[in-house]
Amino acid sequence: MLISSFFLLLIWLPINASGTEKYNPLLPKVVIVTTGGTVAMKYDPASGAAVPAVSGKDLIEAVPGLDKLANIETVEFCNIDSSQMTPEVWRNLSAKVQKILERSDVQGVVVTHGTDTMAEGAFFLETTLQSEKTVVFVGAMRSASDLSPDGPANIYNAVLQVCSPQAKEWGVTVTMNQFVNSARYVRKDETTNVQTFTSGEHGYLGYIVDDQLIRFNNVLIKNKFPLPDLLPQVSFFTTYAGDDGKFIRYAVDNGARGLVIEGVGAGNVNKDVFQAITYALSKKVPVVVASRVRYGGVYALYGDEGGGSSLISTGAYLAGDLSSYKARLLLMIALAQPDMTAEKLKALFSPQ
């Protein structure tokens, strides 16, 4: 047992493997922090599928021309599939990236990350990083063993973005397949296609072509909080036709500090779920209601039992145009703040 525990500890401890093969004093320094994902995977004959296998050094060596853009330093934080990511891992990643950004010699950071939860990881860092330097999340939809892996080009473009003055004041972005997405609005919309990340009706921030970053839009909304030491338990539920709300009550009775409910339409739930939400609020558990609909937002349009207007009247909050998954992270970070109040939560989740 001790041996296996020690082995697991070695796997999960962040590893610092930094180095620059060639230093050019005329170029900026970009730190690439690797966390794993498809971009760091290769085909495994034993399992017949892609598995984590590529180091940070291997990733950089697979990208020709990086030394013409910047002095590259690599930090191997972890090497896991992004389906295994947790808010606690992102908390530690945010702390590590913040320390790197505080260095005067660093222009910005590229984070390689699996695509399954990349949008959430980017949003977590956007919300908790205190630096205004550029941070780009990047990954791949094809592994290093595939016929035409997309990882090298994505990494190249991410480094180019960090070095570009056109990327100023964007904060954290997800940049894949040449498109730049804001951390707030980006979503993964394709399970296997390389054009997987989009920003919906809010539009892309920019586009990279021919070694140039073309700026389309600015980042209009940023929610910033100090990085918490501990993250509270916030439960998440998707409601559905015939939902009786019993799992919401169970979460409340078993220690949930907050709840995010993914409703239907513009933020509506049925009467049983509405009663379960009322029960949660009676126990002083904050509830945020989002929508499972891809476009649009959550608004107080309907006044029947479970409609957006009745939810607000009962004391629930509406997520506006924020996705349910990011609403959960934002509520988690907000509830960890020692000075958080009901009024501040209401302002935080008001439609923007």
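The values are calculated or read from the model by the stated rules, or taken from the named source; none is laboratory data. Note that the coordinates shown come from a computational prediction; the quantities given were computed from them, not determined experimentally. We place every Cβ from the backbone using ideal geometry, glycine too, and count neighbours over all the protein chains shown.
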Does Gly263 qualify as being without any contact (Cβ under 8 Å) to a residue 60 or more places away in the chain, at positive phi and surrounded by 19 or more Cβ atoms within 10 Å (Cβ to Cβ)?
-> no
The one condition Arg91 fails out of (1) closer than 25 Å to Ile208 by Cα; (2) part of a helix (DSSP H, G or I); (3) not hydroxyl-bearing (Ser, Thr, Tyr) is (1)
What residue, of Ile72, Ile100, is over 30 Å from Ile221 (Cα atoms) and either at pLDDT 95 or above or more than 19 Å from the chain's Cα centre (by Cα) (or both)?
-> Ile72
Can you tell me which residue in region 206-219 is surrounded by the most Cβ atoms within 10 Å (Cβ to Cβ), limited to those that are touching a residue at least 40 places away in the same chain (Cβ under 8 Å) and assigned to a loop (DSSP other than H, G, I, E, B)?
-> Val219
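Please pick out the residue among Gln337, Gln352 that is modelled with pLDDT of 95 or more, within 26 Å of Lys224 (Cβ to Cβ) and not acidic (Asp, Glu). Full working, then the answer.
Numbers: Gln352 fails: modelled with pLDDT of 95 or more.
Matching residue, one of Gln337, Gln352: Gln337.
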State which residue pairs qualify: first residue among the charged types (D, E, K, R) and inside region 237-251, second residue surrounded by 19 or more Cβ atoms within 10 Å (Cβ to Cβ) in any location, beta carbons under 6 Å apart, and separation of 6 or more residues or different chains.
-> Asp243/Val273; Arg249/Ala276
